Amino acid sequence: MNADTVEPLSPELLRRHDVAGPRYTSYPTADRFVEAFGPDDYVRALQQRRSGAAALVLPLSLYVHVPFCESLCYYCACNKIITKHHDRAAEYLRYLGREVDLHTAQLGVGQTVTQLHLGGGTPTFLSDAELRELMAMLRRSFTLAPGGEYSIEVDPRTIDAGRLDTLAELGFNRLSFGVQDFDPAVQKAVHRVQPAEQVFSLVQAARDRGFDSVNVDLIYGLPQQTPESFARTIQQVCDLRPDRIALYAYAHLPERFKPQRRIASAELPGAAAKLAMLSGALARFQAAGYVYVGMDHFALPNDALAVAKRQGRLHRNFQGYSTQPDCDLIGLGVSSIGRIGATYSQNAKTLEEYYDAIDHGRFAVVRGLALSRDDLVRRAVIMALMCQGEVLFESINLAYLIDFKSYFATELEALRELADQGLVTLDDGGIQVTAMGWYFVRAVAMAFDRYLQADRNRARFSKII
C-alpha cells in the first residue's frame, strides 16, 4: 500500500466518517483500564520481565511526565499544573528519583533503553540544572543506547539557543515544538502568544546544533481560525520546513477539560471550515514534499519516520508513531502510562496521590489492565492496520493459533462496507488499506475493537477527521 500521495478527499466520505474514535496508541485503549489493576500487579509484571527472556531481548522505552506549566493554554487536555513556583520542580525530581529506584529494585540497574521521551506539561519548565539532574538520574539507573531516540517537548517561550546547547549536551537528539497556529488572533484566543520569528529562530538554532529531527505540532479547529488564516500558518510551516509535522484536530470537550471552558464556542470554526483547513493542509504538505506517515503525522522523505513507513518498520506507542521496535515502556511521573509485557498501567493523576504512594514505598499505579488472549490477538491486528496498512491472515494464524476468517467472521463482514467505499481491499490472503483508506485508518481499526462493539458511546474520543 502506498499512502504517501494525497488523493482528493471525498466530502461524502468525510461526512460519513465524521465520528469519534480511539487514536489506538494502545489496544485496549486507556479508557478501558480498571482500578482492579494496582501496584502489586505492576510489580508482578516487572518481575516477569526480569526473569523472562524479554529482559535480554527487548529494550526499554522511557516516558517521563513533567506536569508543570507557567501559563494555561485554553485548548489543552493534558495533565498539567499551572504554577510560577519553580521550586516545585525540585521536589518533583526527588520523587521521580524514588520512583526510578522502585523500578531498579525490581529490574536491576543498567537495562538498555533505546527511546526516551520527556512530555508534559512543559518539560522545559525545568531549569538546565534540573534537566541535568534528571538525565544523570536516568543514566545511573539505565543504559541509554547509542543511536537511540531521545526526545523532549519544547515550549518555544521557555528556551533560547543557549538552552538548546544544554539539551544537545544532555543527549537529546529530537525536539518537538508546540506551535499550534502562527496567527496572532488565534494565539490570543487560546492564551498562547509566541511570535513566529521566535520559532523560526529556534528551529534554525536546532539545525545548527545537529539535532536529528525537529517536529512541529499544529492544531486546526481552534477559536478564531479560518481556512484563510490557517492556510497562512501552513505556508509558514512549509517555509520553516521541520522534519516532522503533527496536525491534530481540536476536540472541544469543556465538560471534561476545565481549561476549554474559557473558549467561546461561538468562536470555533464550523465543520465545513475545519474540512477546508484539513484538505488545504494535506494538499499543501504534499506539494511541499512531505510524506503522509499516517493519522496526523507527516515527515520529510529522508526523516527516519518516513523511512520506517516505506520499509514497513513503523510502530505505534503512547506517544504516537515511532521507528522503535515494539518494546516495553516504563512511565515515570504523575499520570504516566506504561506497558510491561501483556499489561498496561497508569500512575495517579494528582501530585498528592503520586507523592503519597511513593512515601509509602510503593508504585503510584492506580489503574491498568492485564490483557486477555483476545486482547493480544486484536492488538496485533489493529497495530498492523495502523502501522503497515495491511493484515496478512496467515501471519496472525501462525502467531496466535487461530483461523482468522472464522475468528473474525463478523468483523470481516463489517469491513465489506468499507471495501465498497474504497477504503480497504479484501482477498483470501488478508486486508489491505487503500491510499484513500489510509486517511480513515482509525475507522478500519475500529471494526476489530471488541470494546467498541460492546459499547458504542464514543463521546470520550476525538473525531477521526
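Look at [x] 0.96; [y] 0.91; [z] 1.01: the one that is Cα Rg over 2.2 N^0.38 Å derived from this structure is [x].
Rounded to the nearest 20 debye, the dipole magnitude of segment 13-140 is 360 debye, with +1 charges on Lys and Arg beta carbons, -1 on Asp and Glu beta carbons, and the Cα centre as origin. Annotation: amide H of SER322 within the under-5 Å range of HIS315, ARG316, ASN317, sequence separation 5 or more or interchain, hydrogens built in the peptide plane. Over the chain, Cα pairs under 8 Å with separation of 6+ residues give a relative contact order of 23 percent. The largest accessible area among SER26, SER406 belongs to the first residue in SER406, SER26, and the rest follow in falling order (1.4 Å probe, all chains).
Our estimate of slack between VAL34 and GLU255, defined as 0.36 nm per intervening residue step minus the Cα-Cα distance, is 77.4 nm.
Placing +1 on the Cβ of every Lys and Arg and -1 on the Cβ of every Asp and Glu, with no other charges, gives segment 246-378 a dipole of roughly 400 debye about its Cα centre. Placing a label point 7 Å from the Cα of ASP427 along the Cα-to-Cβ line, the residues of segment 347-391 whose backbone N sits under 13 Å from it are 391.
Given the DSSP H assignment, sum -39500 (n - 2.57) over each helix run of at least 4 residues in the chain and divide by its residue total; what's the result at 222 nm in deg cm²/dmol, nearest 500? Intermediate values should be presented prior to the final figure.
On the way: 18 runs with 184 residues, N = 465.
Helices in the chain give a 222 nm mean residue ellipticity of -11500 deg cm²/dmol.
The residue list SER345, VAL365, VAL381 was ranked by how far each Cα lies along the charge dipole of segment 338-402 toward its positive end, using unit charges on Cβ atoms, and VAL381 comes out on top. The Cα center of segment 277-298 and the Cα center of segment 342-367 differ in position by 39 Å.
Using +1 on the beta carbon of Lys and Arg, -1 on that of Asp and Glu, and nothing else charged, what's the dipole of the chain about the Cα centre, debye to 20? Could the numbers behind the result be given before it?
On the way: 50 positive and 54 negative charges, 86 e Å.
Computed charge dipole of the chain: roughly 420 debye.
Spacing of the modelled spin labels on LYS405 and SER265, each 7 Å from Cα toward Cβ, amounts to 5.0 nm. Remark: spin-label model distance ALA370-ARG140 equals 3.4 nm, labels positioned 7 Å along the Cα→Cβ axis.
Quick check for the chain: number of Lys pairs with alpha-carbon distance under 30 Å, counting only pairs 8 or more apart or on different chains? The number of close lysine pairs in the chain is 21. Label sites at THR112 and ARG94, each approximated as a point 7 angstrom past Cα along Cα to Cβ, lie 3.6 nm apart.
Along the axis of the charge dipole computed for segment 63-130 (Cβ charges of +1 for Lys and Arg, -1 for Asp and Glu, origin at the Cα centre), the listed residues SER127, HIS65, ALA90 are led at the positive end by HIS65.
The values are calculated or read from the model by the stated rules, or taken from the named source; none is laboratory data. It should be emphasised that the depicted structure is a prediction, and the values quoted were computed from it without experimental measurement. Note: ideal-geometry Cβ built from the backbone for every residue, glycine included; neighbour counts use all protein chains shown. Keep in mind that these areas ignore ligands, DNA and RNA; they rest on the heavy atoms of the full protein, side chains included. Shrake-Rupley method; radii C 1.70, N 1.55, O 1.52, S 1.80 Å.
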